[in-house]
Amino acid sequence: MRIGQDIEHLLLRRLQGIATADENEFIETWANESAENRVILNRLETKQTLREDLGVLFDLVDTEKGAERLQRMELHIRQHTQKPYAIRTRRWLPYVAAAAMLTLATVAWMLREDRVPDRRSQIDLAQRIQPGGNRATLTLADGRMVNLSENQDGIVIGDEGITYLDGTGVGLTTTQGPTDREAASLSVYQLELSTPRGGQYQITLPDGTNVWLNAESTLRYPSRFSQRERMVEIAGEAYFEVVKDHNRPFKVVSRGQTVEVLGTEFNIAAYPDEQNAKTTLVKGKVNVRLNASTPSRDHAPLTLLPGQQATVGASSLRVDKVDVNQYVLWKDGFFYFNGHSPQEAFTQLSRWYDFELVYRGSIPSVQFFGKIERNKSLGSLLKILNKAGLEFEVVPKGNKIQLVIGQQHQ
Amino acid sequence: MEDTCFDQLKLGDERVLSAYFNRHGRALLLFAYRMVADASLAEELVQDAYVKLWAARHRLESDAHIKSFLYRTTRNACIDHLRSTDYRMQAVSGESLAENSIQTDSDLLARMIHAETLQLVYAEVKKLSPTQQQVFKLTFVEGLTTEEICSQLEMTANAVFIARSKALATLKRVFKDTDLFLCLTFYALMERSADFPTLT
């Protein structure tokens, strides 16, 4: 016997008829160790019981119900092991309350020409920080990770495998190793598309649904949808353009909530390090249901109409009418701020330009307005903010930077 | 690969749980189902075992340790469940079921090995093409006749024959030809296919 090999691998070899004499002898020794072992060996080698046990196993895991069961279990495990909300505590959190009280004193932060600050060299430093681009990693069922091309906008998950939007292959021979392509299309596997900070990518799912993934986000989806529902999971931000299918609702699970639709367009921002998950509806109709692990789970599902946004937090839930553009223009290449707080705006910027954000002292109580292209360098963006009178400091950190917001001498 | 998973677990990366779920989850379901005879309950108990694994990760020392932790935790949960139902049963019948229910370590280990071996067989079958898998399931697992398979697969008898001999050819590759497993499969197929006596 090979040292360290589990007895079950030897038993498989025996069933396959390829166990060596030594291995068979080892199995015999094992079977003699206890009455229970002997029973198991007989059970495996008796046609009737082997058939019975395999039948139960296939029933449990290899039927449509079985595939759903496994997906449900993995989801449950993930939801009960994820780190709690807002694990990366924000040093500005205590200030939020204070900032809220100062709202009356809030100055709409418009471009002003009356300041000539001494920040030239720092801005030059930030000039080198390029905006994000098409970057993503695809994780296959067997754990292999594929870095996707930066020259492509997105991928298509088809019956024949995975290709880029222009039809070229992503450089995978099969989706899951040296087995049949047919087999790959029959079995259901969970796949994962992840963008880093400063990355975005588009994906077309097996049902034709398009998903745009914003920076620092992960979409988990099955290689094939079941006949009853289409379920995916998102951590981070994504824009969904769901293909209508009345027989198979499309479900998006994120921390704390499940969004259920038949066919519509909407945006979900559910970053693990943020307090709230925001679902913004562009077209059609969606239901937002709280997940079982959310404290206020007994709340009835919310139905959103176009232009509405649901905000689901650890212990809160509300629906607002919003300017949809604020939440979806990123997919068309813009930051669009319409009265955003500095926290909201800078968090978006830091994800796209991949810089570290530090607040010094209290957060400036200002609001952000404007539409800025996402393909500008960070330097040109900071130039605008500098002109507007924002106090900040750019600190180099390796080949990245830290942006310290707030007054220098305090 | 195994080492990386273990290290990731120790580092607190909860995503690695899905690797352990792939490795033992199906076998654990079978293991639990054979004890409680209820698929939804088995599902619940097994997923709980993984959540508990996560909570206990700091005191686990190896992959083998993780595996026995998962089986032991699932087994204990099954026994707890059986006991709680047993009290109700006992009130009616005056007898206790829990007395004969599996509690020894050697029984736990044997059942674990049984379930794990079946998952390995399952993994071998999953290497077949979809049609081959289906024919395998219908004939070997469900024991259907050729006619029944035809109607299920909407194939003609000839097509079933072809698919089946292809399935057998692949099984032969996967399971070599002298093997017991293949013999079993053959017998199962031959029994159901007197109309194709040349099948070898």
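Can you name the residue in region A:1-11 that is of a type in the set (D, E, K, R) and at the interface with chain B (Cβ under 9 Å from one of its Cβ atoms) and, of all such residues, is most open to solvent (accessible area, probe 1.4 Å)?
That would be A:ASP6.
Considering each of A:LEU357, A:LEU329, A:LEU349 in turn, give the residue that is in contact with a Phe, Trp or Tyr (Cβ under 6 Å, 6 or more places away or on another chain) and closer than 19 Å to A:ASN375 by Cα.
Of A:LEU357, A:LEU329, A:LEU349, the one residue that is in contact with a Phe, Trp or Tyr (Cβ under 6 Å, 6 or more places away or on another chain) and closer than 19 Å to A:ASN375 by Cα is A:LEU329.
Run B:GLU61 past the list (1) part of a helix (DSSP H, G or I); (2) at pLDDT below 90 and report the number of the one that doesn't hold.
Result: B:GLU61 passes all but (1).
Among the helices (runs of 4 or more DSSP H) confined wholly to region A:12-80, which include 3 or more residues that are open to solvent by less than 20 Å² (accessible area, probe 1.4 Å) and more than 30 Å from A:GLY256 (Cβ to Cβ)?
A:21-33, A:35-45, A:47-61
Please enumerate the residues belonging to region B:14-40 that are open to solvent by less than 30 Å² (accessible area, probe 1.4 Å) and more than 9 Å from every other protein chain (Cβ to nearest Cβ).
Answer for region B:14-40, where residues must be open to solvent by less than 30 Å² (accessible area, probe 1.4 Å) and more than 9 Å from every other protein chain (Cβ to nearest Cβ): B:VAL16, B:TYR20, B:HIS24, B:LEU28, B:PHE31, B:ALA32, B:MET35, B:VAL36.
Report, by residue number, each residue of region B:52-66 that is under 26 Å from A:TYR221 (Cβ atoms) and either more than 9 Å from every other protein chain (Cβ to nearest Cβ) or out of contact with any Ser or Thr (no Cβ under 6 Å at 6 or more places or on another chain) (or both).
B:LEU53
If you go through region A:141-171 one residue at a time, how many are without any contact (Cβ under 8 Å) to a residue 12 or more places away in the chain, more than 19 Å from the chain's Cα centre (by Cα) and within 25 Å of B:SER18 (Cα to Cα)?
Counting residues in region A:141-171 that are without any contact (Cβ under 8 Å) to a residue 12 or more places away in the chain, more than 19 Å from the chain's Cα centre (by Cα) and within 25 Å of B:SER18 (Cα to Cα) gives 0.
Please specify each residue of region A:259-272 satisfying the condition of being in contact (Cβ under 8 Å) with a residue 40 or more places away in the chain, open to solvent by less than 20 Å² (accessible area, probe 1.4 Å) and part of a loop (DSSP other than H, G, I, E, B).
Matches in region A:259-272: A:TYR271 only.
For region A:12-26, enumerate the residues that are more than 8 Å from every other protein chain (Cβ to nearest Cβ) and over 23 Å from B:LEU28 (Cβ atoms).
A:ALA19, A:THR20, A:ALA21, A:ASP22, A:GLU23, A:ASN24, A:GLU25, A:PHE26
What are the residue pairs meeting all of these: first residue in region B:115-144, first residue of a type outside the set (Lys, Arg) and part of a loop (DSSP other than H, G, I, E, B), second residue open to solvent by 10 Å² or more (accessible area, probe 1.4 Å) and at pLDDT 80 or above, Cβ atoms under 8 Å, and 6 or more apart or on different chains?
These pairs meet every condition: B:GLU142/A:GLY55; B:GLY143/A:ARG51.
The values are calculated or read from the model by the stated rules, or taken from the named source; none is laboratory data. Note that the coordinates shown come from a computational prediction; the quantities given were computed from them, not determined experimentally. Positions of Cβ are generated from backbone atoms using ideal geometry, with glycine treated the same way; all protein chains shown enter the neighbour counts. What goes into the accessible areas is simple: the full protein's heavy atoms, side chains included, and nothing from ligands, DNA or RNA. Shrake-Rupley method; radii C 1.70, N 1.55, O 1.52, S 1.80 Å.
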